[in-house]
């Protein structure tokens, strides 16, 4: 059964980015924009780990941690902080959190923190639900094995290129906007930097297309974004 991770942050875009990345990695994610709602959610569906923003409206993350500790014994908590003053507070007090990460952060770094804390606290990710391979024509994306095959040929993709291709494969046949790719792959801190998407799309086409200048799999929808469509190499 997939591990349940509760994401508590008042930034809706950040919640969406984190939860999507977690679900891509085989976890089950719940989100909340306030500590009060998160506490109520945790009472109904106990999480295996909590990602807790400190600068929350109403009850802040420090008070929320104490409440979580009272109601959810032994559930690990990773603090998410944006301000140096908050970090000084975390480091200076015996709060009992299991780790912290500062904004802005790379989603892969966040995942590494999550895996490390789950492993350290005994909630290993080995039992997390493994996402099934995605087949789009003769292209197969396997997120659990982190592999890509095209027409039976194994490709070697860097982590970010793999994440872009996986995101497009999840919505195969549908257009994914540049902003959506930025949000889902790089995170909110990269919004407004579309060139990073353009570069990775070009690199992907060089690896998955027979003719990168005339793509048949990874198509551009001008003014909107990109979509991955089924295509199979004809064999004689």
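The values are calculated or read from the model by the stated rules, or taken from the named source; none is laboratory data. These numbers come from a predicted model, not from an experiment. Note: ideal-geometry Cβ built from the backbone for every residue, glycine included; neighbour counts use all protein chains shown.
Structure summary
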| read-out | value |
| --- | --- |
| Within the range 1-41, tally of residues that are touching a helix residue (DSSP H, G or I) at 6+ places or on another chain (Cβ under 9 Å) and part of a helix (DSSP H, G or I) | 13 |
| Complete set of residues in the range 42-65 that are touching a residue at least 12 places away in the same chain (Cβ under 8 Å), surrounded by fewer than 16 Cβ atoms within 10 Å (Cβ to Cβ) and not in a loop (DSSP other than H, G, I, E, B) | 43, 63 |
| Helices (runs of 4 or more DSSP H) fully within the range 66-172 counting 3 or more residues that are modelled with pLDDT of 85 or more | 107-120, 159-170 |
| Candidate set from the range 153-177 (those that are touching a strand residue (DSSP E or B) at 6+ places or on another chain (Cβ under 9 Å) and surrounded by fewer than 18 Cβ atoms within 10 Å (Cβ to Cβ)); member that is nearest to residue 102 (Cα to Cα) | 177 |
| Given (1) in contact (Cβ under 8 Å) with a residue 40 or more places away in the chain; (2) farther than 30 Å from residue 10 by Cβ, number of the condition residue 158 does not satisfy | (1) |
